[in-house]
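As structure tokens, the structure follows; a few thoughts come after it.
Each value in this text was obtained by applying a stated rule to the coordinates, not by laboratory testing. It should be emphasised that the depicted structure is a prediction, and the values quoted were computed from it without experimental measurement.
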Amino acid sequence: MDALISTFHLDIKLLLAQVLNFAIVFLILYFLVFRPLFKVMGDRSRTIQKGLDDAAEMEHRLEAAKAEQAEMIKEAKNEAAALLEEANRQAEARKADFISKAKEEVGMLINREKAKMQADKAETLREIRSEVAEMIKDGWEKILGEKMDKTLDEKLITKALKKHD
């Protein structure tokens, strides 16, 4: 070992002093610099990891929210389709109801008009018969040259009407 010390010109006292100085500097650096630095770096690593974990959880929640949103949209579309179908069904029912009511009203109107026409026809026939009877009476009076009495008048009118019916 002496050969090694003499070859490299090492001084043991100086070497021990340098080792002691290195140890003191290392301890000072360790407690004052490296330890707080490692602590800050560890905290920072934990903060970054927590942020990554939170981001992953948020991404998972976002995917779940998207899935829930898609489900809600699907349900809303189904409800809208059901409401639209119900509205169409109600509209068809109303349409059918309006059509049936309109048909009833038209039927009633036609029946009323038919009854009115029959009443008008009967009234017109009475008026025509009355006028024909009056014309026959006037004609007989001219032919006979005298005024007819009521019994003769009725007899002739009845006979004339029987021929025309």
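For the reader, a short list of remarks on this structure follows.
- Selection of region 1-54 for residues being part of a helix (DSSP H, G or I) and of a type in the set (D, E, K, R) yields 2, 13, 35, 39, 43, 44, 46, 50, 53, 54.
- Any hit, region 83-95, residues being hydrophobic (A, V, I, L, M, F, W, C) and more than 18 Å from the chain's Cα centre (by Cα): yes
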